[in-house]
Structures are given as C-alpha cells and as structure tokens.
1. Mind checking segment A:467-559 for trypsin sites (Lys or Arg not before Pro) that DSSP puts in a loop (not H, G, I, E or B) and that have at most 12 other Cβ atoms within 10 Å?
2. What is the sum of charges, Lys and Arg at +1 and Asp and Glu at -1, for the other residues whose Cβ falls under 10 Å from the Cβ of A:S66?
3. Expressed as an acute angle from 0 to 90° and rounded to the nearest 10, what is the orientation of the C-alpha long axis of helix A:178-194 relative to the principal long axis of chain A?
4. Which of the lysines could a cross-linker span from A:K264 if the Cα-Cα distance has to be under 16 Å and same-chain partners fewer than 8 positions apart are dropped?
5. Going through the cross-link list A:K391/A:K489; A:K284/B:K96; A:K265/A:K493, which pairs have a Cα-Cα distance over 28 Å in this structure?
6. Counting alpha carbon pairs within less than 8 Å and at least 6 residues apart, what relative contact order, in whole percent, applies to segment A:250-368?
7. Quick one: net charge around A:Y371, please, counting Lys, Arg +1 and Asp, Glu -1 for every other residue with C-beta under 12 Å from its C-beta.
8. Taking 8 Å as the Cα distance limit and 6 or more residues as the minimum spacing, I'd like the relative contact order of chain A as a percentage.
Amino acid sequence: MNKKLYTIALAGNANVGKSVIFNQLTGGNQIIGNWPGKTVEKAEGHIEQEGTKIHVIDLPGIYSLSTYSEEEIVSREFIAKEKPDAVINVVDASSLERNLFFTLQLVELESPLIVALNQYDIMENKGLSIDFEMLSSLLGVPVVPTIAVRNKGLKELFEKSKEVIKNTKKVKPILYGREVEEKINILTSTIEKEIDTFYPPRFIAIKLLENDTSIKTMVKNPDIIALAEKLKKELTKIHGESPETVIISERYTIASRIAEQVTKKKGKTKINIGDSIDKIALNKITGYILLLGLVLLIFYGVFKFGSYFSELLSASFELLKPIFIQLPLPPLVNRLLWNGLMIGIIAGVAIVLPYIAPFYLILALLEDSGYLARIAFLTDNIMHKLGLHGKAFIPLIEGFGCTVPAVLGTRIMERDRDRFIAAILATLVPCSARTVILLGLVAAFLGPVYAIIIYALTFILMYILGRLLNRYIKGSPTGLVMEMPLYKKPVPKIILRQTWVRLKDFVYFAFPIIIAANIVMEVLTELNWIVPIANFFKPVMTNWLGLPPLAGITFLFGILRKELTLIMLSTLYHTANFAEILTPRQIFIFGFVTMIYIPCVATIAVFKREFGWKRATVVAIGEFLGAIVLGGILNQVLRIFMP
Amino acid sequence: MGKKVTLIHLNPGDKAKVIGFSTDHERFKNHGVGPWHKRKHGMGMGLARRLQEMGLIPGSIIEVIRNMPTGPVEISVMGTRLAIGRNIASRIYVEKI
Ligand SMILES: Nc1nc2c(ncn2[C@@H]2O[C@H](COP(=O)(O)OP(=O)(O)O)[C@@H](O)[C@H]2O)c(=O)[nH]1
Ligand SMILES: [Mg+2]
C-alpha cells in the first residue's frame, strides 16, 4: 500500500448487515435496524493504520444496478463513478440465490470485489452450510464468512480487503447462455472501438440489452443504439420474452446454479418461529389488535416511567435552589444563573429526558426485532387511501422519535410525489419533543384520556390531509414491494448503543438550545420586555385561542424546539406545576396547538434540503395557519364543555 | 395445467408458476383513461423489472404465505419473503400448480 488514501465501499441488498459491519470497522454510528431501507444516505467513516487512511463508505441497500428508487441511485453512482479501491459486497448467506444476483452485476461492473458471507449464524440455523472456498473460485473473488453482530470474521474481511486493494488483477466475466453471450460479444466489440467511458464495455453492452434507459442516454452514439435494438429484437424472437426478462432470468439461472453448487443441507431445518409469530402478528384480526395494544402499552409505559422520574428529578433539583440563591453574587447575576442557566438544565434533565430515554429504547427494540416491517405490512391498505403504501408508515413511526430522520427516511418511497406526501405527514407525527408536552402537560395535569384525544385528533388531521394531498398532487401512486425480514432476537449491545447515540445527539443538540433560550428569556424579563411582546400576541393568543398572552412567547421559542414551549412556560411562571397557571381548557388547547403549529427549525431545514425552499415554506406556513385556525375553532367548541 | 389467475386469487399454501405481468399499456387499452385517482395504480416497466429482479421471473415458482383480504400478499420466492401490495399483486399472472 503506497498511496495515502484508499476507499472501501460496502454494497449489497437491503438488510444484510452492511451498517453493522460499517460500525464495527469504523466505530461509526450508523442506524441499524431490521427492515429494508433504513440507510438512505451514504455514510463515511475511516480507519487509520500504519500511515494510510482508509475511507469506508456505507451505502443504501440495492437490489440491482438498474436503478429504480432514489436510494439506489446513490449506490450505483458511487460504485460506478467514484471507483472505490475495494467493494465489500455484503451478502446474506441465508438467502444466497437472491443476493448473488447482485454480486454478479458487481462482477460485471469489474469492481475490485470481496464478498462478506454475513449472517452465517442464521444460515446455520436454517440447517445449511456453504462451501465458501468453492464459492470463491466460482466467482473469482475472495469470500469471507462473517457474523457481523458478534464481530466474527471482520478482521479477516478487512485484511482480505487490503489485499484486494493491492492486487489489481481483473476478475474474469461470468458467462450467460450461448445466444445472449453472442449478442453481448458483438455489442462489446463495437463499443470498445467507438466509445470510451468509465463503465467497462461489457457492462454497457449488457445494460443496453437490458433496456437501461440511463445507460442509453449516456451512450448517445446512434449506431450503437441501433445495433443494440437489432440484437434485442433477435433475443425477443428467440426467447419470446422481452430482452430484460431474458437477461434477468439468465442471471438468476447463474445465481441459482452457483448457490446450489455451494450450499449443502446439513441436519434438519429448525422450525422458523417467525412463521408462528406471524400467524398472530399478521393475522387480519389479531394482528391489528396486537398492534393497537402494543402502541397503547408503549405510550402508557413511557408516560408512567417518565412522570415518575420527572417528579423525582424535579424535586431533587429544587433542593439545589437555596444553595444557588445564597451564592455571594450580585442579585442580577444570581437570577441569571438560577432562572436562566440552572432552570434550563433542570428542564432538560427533569422534564425532557425521563420521557425521551425510554422512548428511544423502545424504538430501537422495534427497529431491531423486525416488527417494524410487519407494521408496514398491516398498514398498507390504510396508507393506500392516502396514496401511499405500507413502507411510508416506517418513517412515520420514526417520526415519533424525531421528525428530522423521519423526513430523511421518506427516501424509502420510490417516487418524489409519494415522498413529498409522506414527508408532510411526517412533520405532523408527534415527535418525542411533542410527546413530552402531551405526556408531561396534558396527561399529567388533565389525565391520559385527554392526551389520547389529542393524539387521535392529530391522526385524524393527518388522515384528512393525506387524502387531500393524494387528490391534488399530480402523479399516480405506487404499490408496496418490500422484502419481509426475518424476526431477530434483538442484540442488547446494538439496542443500547442505538439508544445512547440518539440520546447523546439529543443532549448535544438540544441542551445548548434549551439553555440559551432560557437565558434569553431571563434577559427579556430583566429588561421588562416580556409584557410588551406578550401584548403583541394578545389578539390571537387570548381572544382567539383563549390562552394567556405569555403563551405567545413560548410558542415563539417553540420554533427552535417544540419542548421549549413547555420549558419556557415553567421559566416564565417559575413553577412546573402547570395546573396553577393554566385552566384545563387552556392546557388542552396549548397541547393541541403545539402539536401542529409549525415544525421546528431543524425540520424546516431538512425539508428545505430534501424538497427545496418553496415546498418547505408552504408546509411551514400552512401548518402554522392550520394550527391557529383549528386551535381557535377547538377553543370555541370546548367553551361549551369546559368553562 | 392450472388456470391462469392473478396472485390475489391464491390461498396461503398455494404454489404457483409466474407467467407475466399486465403492464400499463395493456391496461389502458382495456380500461380507458379516467380521472387519475380513479384509475388503478400503474405498473410501469420499472416496476415490472423490479419484480423480476426480486425473483418473480416468468417460469419461477412461488408460494403464497399470506393473503390479506384487502391488503398485501406475502409470498416466498428465491428463498426470501416478499410483501406485495394488492394492486400490484392483482396484475401478476400465475399458474397454480
Ligand atoms: N443474527 C445476525 N444478525 C445480523 C448479522 N448482521 C446483521 N444482523 C442484523 O441484521 C439487521 C440488518 O442489519 P443492518 O446492518 O442494519 O443492515 P443493512 O441494511 O445492510 O445496513 C439488524 O437487525 C442486525 O442486527 C449477523 O451476522 N447475524
Ligand atoms: Mg444500512
């Protein structure tokens, strides 16, 4: 190794363990989960060794080098254009045939390839064994068996990758049937003479025969296109199928042949308990009962846990107050210190963390077990009413954690239109910050039933909005095509790590904002600016929404982060006993408006990045106006029931 | 030889051979064009290719695992499980064996 910098890319089907390997190799923090489509952007990490630096790239899962969905474009472009020094093709050993279909295409692309035969444990549980040396000689590339979650075989994988980087010998092509091979050869030799691109000529020839439109546009040369068309017609004539069907099925024939040759049945297949679970979990009746029960249980659990620790922590922090008040400092500094800095920290620790921590833990469990994909299956028909399909439900569930990854996660939708609708709905999902308000304010001071009502109102709103968007945004919706992952026993290390990573992000990102906001608020108080600002909001806040004028200020801070609305309320009134400040109706309206009035700045930023300024602005303003209008109407209606 | 049906007509446990897909072109011929939201969802060539890449090639054998009355169909193909939305499933032709 003489260069200073090398790149290794991890490529393979969805859900095979690429991100686990990435994290193990680089110490990175990629999200891991047991459903296809969670890695939506390529991630970079690096390893330094003996003066050389190796970049490792984790790519989204991809089934083919013919692009279909947006996440796949990222992967193909990277492998084809950036030409990494080695490509680790991570393969699910327990479904070799399907995975080899993609491996064969990487061979066609003449990537410097190495195969990681991952999930070796799961394959053995199926009662199979693979002769990986034979596989290696059939493919002409090194093969290393690995169990990523137990860090087995990864060291050897890395060593072999370094060898692949050093050794630049070309991999010999794997041959199709005679007729197809004939056509490929004719086309390849013409391409070799006529054009020069970063794709290998044989690869271009195959893709042209496969009807790949983007390769066709790239080639341009009319003679070659015409020749390809002629050859395609001949193929269709011989086989009676479209040329892409011919090529795909021949490629599958090769993959099946290789898989069959190297796989041995040893011992009995253990009965797949996943199938028994699914008999209940995906049943048309019990499946939905289970789902609903689970959701209620989760929220009840988080609420109980959160409110208990929230009270405990608040009480303990109160004990600190006398110490701070008596510090020998000028009173102004003293007030800034306690009301600004300390209350900020306390709010973060005592009001927010107790709800968020258990929530993240449960989210990680859902992600790693494989149940999330089942939820997508169960909700597919509901989502169709919104012009989406079941997979859209996955980013929506992620949205209960945080809206930012949810908006990014909508990339698992195949089309821009579906993504946009899903992303708008994702901004309305009560994220953990909003959950803090619902549980810590509405459920704690009005009762859990009222929190459930607000949840229900939000979901109804999402449903209506989804139907409207589906009607008025042009384009036709796509349907669900999703690989169903096997259930897996969650790995404690991965669960805890994932929870910790998210919590750490939250603390690093949110705490400074919470504390800074508190200090700003304290300064505003010292300057006596609070009342004038509040009066400015009075017409809307008090006359229309029926809230105290000061609520306007807290909503302003809420644009930074939603939980600030609650925290600022406690800062302004110097108490966390919200029943003293707000009437029941006000608590309800406050909760409802906070739910929907605007996504926080981080959401607006990510929305802008993904969909552009225009759409981001429309969504932000639309939700703001929607919240005010609906909140006001709700207030007028509630007057009748709650004086 | 079994009858030519679509995927949604099969019951759990049924095995079948894939025959082909009905693509947009055929469908529009049969159903004409209405307001788009009343039309059936489209299966463009991209989707047909994707299904083939997932293993649903004409001639391959699949097994139905689950068929939700108004929801998706789950099948076993090439040693993996695939969930397919009802609309798409209704345009995959198979022959029961
Ligand atoms: N039993 C077992 N599970 C694994 C192995 N590698 C990954 N997993 C699990 O497979 C799932 C998918 O892993 P992930 O790295 O997110 O897949 P990616 O989509 O390829 O990035 C997760 O639930 C992992 O915990 C393995 O070798 N054995
Ligand atoms: Mg991943």
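The values are calculated or read from the model by the stated rules, or taken from the named source; none is laboratory data. Quick caveat: nothing in here was measured; it's all calculated off a predicted structure. No Cβ is skipped: glycine too gets one built from the backbone with ideal geometry, and neighbour counts run over all protein chains shown. The area values use the complete protein model at the heavy-atom level, side chains included, leaving out ligands, DNA and RNA. Shrake-Rupley method; radii C 1.70, N 1.55, O 1.52, S 1.80 Å.
1. A:K474
2. Every neighbour counted, the sum reads -1.
3. Between the helix axis and the principal axis of chain A, the angle is about 80 degrees.
4. A:K126
5. Those over the limit are A:K265/A:K493.
6. 27 percent
7. Charge balance in the 12 Å sphere: -1.
8. Here the relative contact order equals 12 percent.
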